Amino acid sequence: MDTSKADEHFKYMLIEEDVANGNAMTSDRFKDLVYDFWVSTDPDSKGKYMFGPFDQSIDVLEQKIQKKD
């Protein structure tokens, strides 16, 4: 993940209530974003910056999985 855009990505996740709260998310908002990232198929999900987006395609990432014998 490209960390040079961390501030931009963080601000993308915020809603008006978060901004009014000094750019702080409540724990419920944080959990909502994590859940949204987990279940959403929307490529513009606000939760996508919680753990990604990944710099590589899913195919490349899956090739790196080491299988146990």
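Please treat every number below as a calculation from the coordinates, not as lab data. Everything numeric in this text was worked out from a predicted model, so none of it was measured. Every residue, glycine among them, receives a Cβ derived from its backbone with ideal geometry; neighbour counts consider all protein chains shown.
Using just its DSSP H runs of length 4 or more, each adding -39500 (n - 2.57), the chain gives a mean residue ellipticity at 222 nm of -13500 deg cm²/dmol after division by all residues.
Annotation: the residues S45, S57, S40, sorted from fewest to most other C-beta atoms within 10 Å of their own C-beta, follow the order S57, S40, S45. With a cut-off of 16 Å, note down the residues of the range 12-54 whose backbone N falls inside the zone around a label point 7 Å from the Cα of K5 toward its beta carbon. In the range 12-54, the label zone of K5 (backbone N under 16 Å from the point 7 Å along Cα→Cβ) covers 12-14, 43-54. The gain in end-to-end length when the D59 to D28 segment is fully stretched comes to 7.9 nm, 0.36 nm per residue minus the alpha carbon separation. Need the list of lysines near K67 for cross-linking: C-alpha distance under 29 angstrom, and skip anything on the same chain fewer than eight residues off. Hits, sequence-local ones excluded: K48. Please label the shape of the range 2-47 as rounded, prolate or oblate, based on the square roots a ≥ b ≥ c of the eigenvalues of the alpha-carbon gyration tensor (a/c under 1.5 means rounded; beyond that, a/b larger than b/c means prolate, else oblate). Taking the square roots of the gyration eigenvalues as a ≥ b ≥ c, the range 2-47 is oblate. Subtracting the Cα-Cα distance of E16 and V39 from their residue separation scaled by 0.36 nm leaves 6.0 nm.
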